[in-house]
Amino acid sequence: YGEYASKLIFSSLDLSTLGENSSPVDFWQRALRPLEDQGPQSPTLLNLYQSCSDNQFDEYCLDKLMVQLKQEGWTLVLMLDRFDEFLRFPNFEKNSEFFATLRKLASSRSPSSLCLIVSWGLSLKEFHEATKNFNKGSPYFNFMGEVVLVAPSEAEIDHLLHKDFSEPERQFLKDLTGRHPYFLQLAISALQTAKN
C-alpha cells in the first residue's frame, strides 16, 4: 500500500456471521470495532466513536466520525463478504436509510475516508434490481465499479496448492469444481478436513 499503509485501518466482516435478526447497530458495532481496537488513539476520534455508539450509529454521528477520520488522514477500508445477505435479513431487507447512509459515507467526499470492498453472489446490476422497490432515487451503489473474478487456470491452482496437495488431489479438486473460485474454496476446505 506504499506511503498510505500506515494510515489504513482494515475491517473485515462476513455478513453471514451477523445473524438474521441483526440490526444496523449490530453491523456498525462490528464494522467499526477496528477503530476502537487498533485505530488511531486520537481522543477526538474515540469520543466521536463513543458518540456514534451512544446514538445508535445514526447518520449524523457516522458522518462526523468519517469527516474526522479524513481530517486526521485516515482511511477505513471496510471489506464486506456476502453483501447480498442483507437482502434476506428482515432489519435490512427494505431499510433504505441504512443503504443510503452507507452510500453517502463511501461516496460523498473525494477521496472518502471510507473505502468499501464488497463481494456478493449477485452482479451489481442484479443487486440494483433487487433493491429498486425500496429506493426512490439512484441505485444505491452506482458509484462502485465491478470486478468479476474469473476461474483460475489449472497452472495457478497447481501453484497455489502444490505444498498441501498431491497431483492427484489437485486434479480431483479441479475436476470437481470446474475451477470455480467459490466451489474450489469449499472443496479445499472439505478435503483438508478429511485429511486431518
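Summary of computed values
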quantity: Label point distance in nm, residue 20-residue 135, each placed 7 Å from Cα along Cα→Cβ; calculated: 2.5
quantity: The chain, accessible surface, carbon-and-sulfur percent (1.4 angstrom probe); calculated: 50
quantity: Loop-located trypsin sites (Lys or Arg not before Pro) in region 74-154, at most 14 other Cβ atoms within 10 Å (DSSP); calculated: 94, 109, 136
quantity: Residue 115 versus residue 54: modelled label distance in nm, points set 7 Å from Cα along the beta carbon direction; calculated: 3.2
quantity: Translational diffusion coefficient (Stokes-Einstein; Kirkwood radius from C-alpha pairs) of region 3-71 at 25 °C, 0.890 mPa s, in µm²/s; calculated: 191
quantity: Accessible area per residue in Å² at 1.4 Å probe, computed on the chain; calculated: 58
quantity: Three-way shape label, region 42-91, alpha-carbon gyration tensor, a/c 1.5; calculated: oblate
quantity: Charge context of residue 55, other residues only, Cβ under 12 angstrom, K/R +1, D/E -1; calculated: -3
quantity: Proximal lysines relative to residue 104, as straight alpha-carbon distance under 21 Å, when same-chain residues fewer than 8 apart are discounted; calculated: 64, 70, 94, 125, 132, 136
quantity: Solvent exposure, largest accessible area first (probe 1.4 Å, DNA, RNA and ligands not counted), of 188, 117, 9; calculated: 117, 188, 9
quantity: Qualifying GluC sites (Glu not before Pro) for region 88-196 [loop in DSSP, other Cβ within 10 Å: at most 11]; calculated: 146
quantity: Volume of the Cα convex hull of the chain, divided per residue and given in Å³; calculated: 162
quantity: Cα-projected label distance for residue 148 with residue 81, points at 7 Å along beta-carbon direction, nm; calculated: 2.3
quantity: Heavy-atom accessible area ranking, 1.4 Å probe, most first, across 160, 78; calculated: 160, 78
quantity: Computed helical MRE - 222 nm, the chain, DSSP H runs ≥ 4 contributing -39500 (n - 2.57), nearest 500; calculated: -14500 deg cm²/dmol
quantity: Relative packing of peptides 37-47, 61-71 - highest average C-beta neighbours within 10 Å first; calculated: 61-71, 37-47
quantity: Linear extension gain, residue 70 paired with residue 3, 0.36 nm per residue minus alpha-carbon span; calculated: 22.5 nm
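The values are calculated or read from the model by the stated rules, or taken from the named source; none is laboratory data. Quick caveat: nothing in here was measured; it's all calculated off a predicted structure. Counting neighbours? That spans all protein chains shown, and the Cβs are built from the backbone with ideal geometry, glycine included. In case anyone asks, the SASA skips ligands and DNA or RNA and just uses the protein heavy atoms, side chains included. Shrake-Rupley method; radii C 1.70, N 1.55, O 1.52, S 1.80 Å.
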